[in-house]
Every structure is written in C-alpha cells, then in structure tokens.
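One structure, as structure tokens, below. Some questions next.
Read the figures in this text as sums done on the coordinates, not as results from a lab. Note that the coordinates shown come from a computational prediction; the quantities given were computed from them, not determined experimentally. Here the Cβ positions follow ideal geometry from the backbone for every residue, glycine too, while neighbour counts run over all protein chains shown.
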Amino acid sequence: MGIIGLLSGLFSLLLLPWWIGIAIATALLAERKGRSLANWFFLSLFWGLVGLLILACTGDFDDYGADALARVLWAILLIPLIVLFLCYPYFF
C-alpha cells in the first residue's frame with residue numbers, strides 16, 4: 001500500500017463525517033418544513049448535497065397528501081437498482 005492508498009483512506013475518513021453531516025442537516029431541514037425526518041435522512045445518504053439543495057428549494061409541506069417529492073426521489077433511486085438486480089445475470 002503506497003502513498004496513493006494512504007491518501008485514499010484518509011480522504012474516505014474525512015468524507016464520511018461530511019456525508020453524514022449533510023444527511024443530518026437535510027433531515028433537520030425536512031422536519032422544519034413539515035416533511036418526514038427519517039425519509040429525508042435516508043434519501044440524503046444517497047443523494048447527498050443534491051438532496052439538501054432540492055429540499056431547500058421546495059416550499060413547506062402542505063397537508064394535502066404524502067410527500068410527493070420524496071416519492072419521486074425514492075423512485076429515481078430504486079427503479080434502476082431493481083432493473084439492475086433483475087437483469088444482472090444477463091449483463092454479466
């Protein structure tokens with residue numbers, strides 16, 4: 001393991017707390033806007049800073065139904081993963 005491996009490991013150790021901090025910030029902002037704290041926390045673990053920016057640009061949640069924005073983000077995340085899982089034997 002050379003200097004590249006050491007720097008890569010150090011970068012990973014510094015990136016992990018930053019990524020979790022973004023997820024926590026997104027979850028707290030979601031709760032403040034009346035959205036699901038847990039839902040947005042797990043979404044932002046995947047989406048990261050993009051999820052935080054999307055949530056920051058939306059308005060407060062109204063009481064007319066479920067959080068449609070979170071549903072769309074989950075669909076964008078899960079649909080390709082399901083397709084990849086189902087088609088995995090055919091690709092490799």
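Cut-off 10 angstrom, C-alpha nodes, Gaussian network model of the chain. Which of Ser44, Ser12, Ser36 fluctuates the most?
Ser12
Next up: Between 0 and 90 degrees, rounded to the nearest ten: what's the tilt of helix 37-47 against the longest Cα principal axis of the chain?
40
Hey, another quick one. Just to confirm the filter: which chymotrypsin sites (Phe, Trp or Tyr not before Pro) across the stretch 4-39 are DSSP coil and have at most 14 other Cβ within 10 angstrom of their Cβ?
In loop regions of the stretch 4-39 (DSSP not H, G, I, E or B), there are no sparsely surrounded chymotrypsin sites (Phe, Trp or Tyr not before Pro).
Let me ask another. For the chain, calculate the relative contact order in percent as a whole number, restricting contacts to Cα pairs under 8 Å that are 6 or more residues apart.
About 22 percent, as a whole number.
A further question on this structure: Subtract the Cα-Cα distance of Leu45 and Leu15 from 0.36 nm times their separation in residues, and report this length gain in nm to one decimal.
9.6 nm
Here's something else I'd like to know. Determine how many Å³ per residue the convex hull of the Cα atoms of the chain encloses.
Spelled out: Cα convex hull of the chain, divided by residues, is 123 Å³.
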